[in-house]
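Take a look at the structure below.
The values are calculated or read from the model by the stated rules, or taken from the named source; none is laboratory data. In this text the structure is predicted, and so the values were computed from the model without any measurement. FYI the Cβ positions are ideal-geometry reconstructions off the backbone, even for glycines, and counts take in every protein chain you see.
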Amino acid sequence: MRGSSHLAIGLITGVGIAAVVPDVRLSLPGIALTGFSALAPDLDHPNSRLSKRMGFMQNYVRWAFAAAAALLGVYAYLNLPPGPNQRVAFTAALSMFLIGMAMQNQSARKLALLFTGVAAVLAGLYWQFLWLSLLGAFVAAAPFTSHRSFTHTIWAAALWTYIGYLANKDLGWHGVAAYAGAGYMSHLLADTLTKSGVRYFLPLSDTSLKVPIISTGSATGNVIELGICAGYGLLVAILWWQRYNLT
Ligand SMILES: [Zn+2]
């Protein structure tokens with residue numbers, strides 16, 4: 001499945017989660033987090049769809065992310081008193097930088113992810129944010145695993161959700177675990193619809209679960225992906241409509 005479809009399905013999932021989980025409020029950062037989580041499993045291949053298929057994203061977008069991250073970091077350092085707000089600002093700056101790096105379309109990407117990941121691990125240790133260290137470790141290690149292996153398992157999805165849960169507790173951003181977990185799972189479920197399927201239980205079992213209705217990259221495959229996104233969007237719209245009618 002193409003990265004743009006994963007992103008679309010992730011964003012729709014974010015809107016859907018807010019409709020079905022009672023105490024999760026619909027929020028833009030939440031939806032963005034779900035979209036990011038839906039792309040995270042494909043950090044496992046260096047020329048990933050996350051970068052390659054987002055070819056429309058020009059280089060300058062990446063540099064804009066990096067520049068904005070640097071500005072935010074400097075601003076937080078100079079103008080915010082040390083404390084929760086400053087930490088949140090630093091975290092946001094780091095996340096923006098991560099996203100910028102993930103868009104990179106070069107072999108240096110693997111290395112950049114490694115360094116960014118290690119920096120996040122250290123920052124997490126410094127601020128005693130376990131979730132930030134775990135997130136850093138995930139981002140640093142994922143590009144070095146083979147494609148559709150570790151990052152495409154229920155263990156990785158559980159780890160990602162746990163990271164969200166810890167971030168939720170530390171930062172008080174409610175719903176982080178739900179948004180992150182749902183986004184990640186949406187990727188695995190979407191990949192299940194492709195020919196190679198997903199080996200959910202590696203290394204315990206090598207069995208690949210699949211409902212192979214999409215061949216990625218083919219014209220028919222693209223149409224089916226589009227259809228799935230449209231149908232899924234409609235479903236979530238209905239969920240919202242129902243909720244609106246009930247309350
Ligand atoms: Zn994938």
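Kindly indicate the residue of segment 144-165 that is crowded, with 20+ Cβ neighbours inside 10 Å and outside any loop (DSSP other than H, G, I, E, B) and also nearest to the ligand (Cβ to nearest atom) among those meeting that condition.
Result: 152.
Look through 230, 142, 237 and report the one residue that is of a type outside the set (Lys, Arg) and within 25 Å of residue 100 (Cβ to Cβ).
142
Looking at the structure I just gave you, is residue 39 in contact with a Pro (Cβ under 8 Å, 6 or more places away or on another chain), surrounded by 18 or more Cβ atoms within 10 Å (Cβ to Cβ) and at pLDDT 85 or above?
no
Out of the residues in segment 79-118 that are basic (Lys, Arg) and closer than 15 Å to residue 43 by Cβ, which is modelled with the highest pLDDT?
110
Condition first: in contact (Cβ under 8 Å) with a residue 24 or more places away in the chain and basic (Lys, Arg). Now tell me which residues in segment 194-247 satisfy that.
Passing the criteria: 199, 243.
In segment 168-192, which residue that is part of a helix (DSSP H, G or I) and among the small types (Gly, Ala, Ser) is nearest to the ligand (Cβ to nearest atom)?
190
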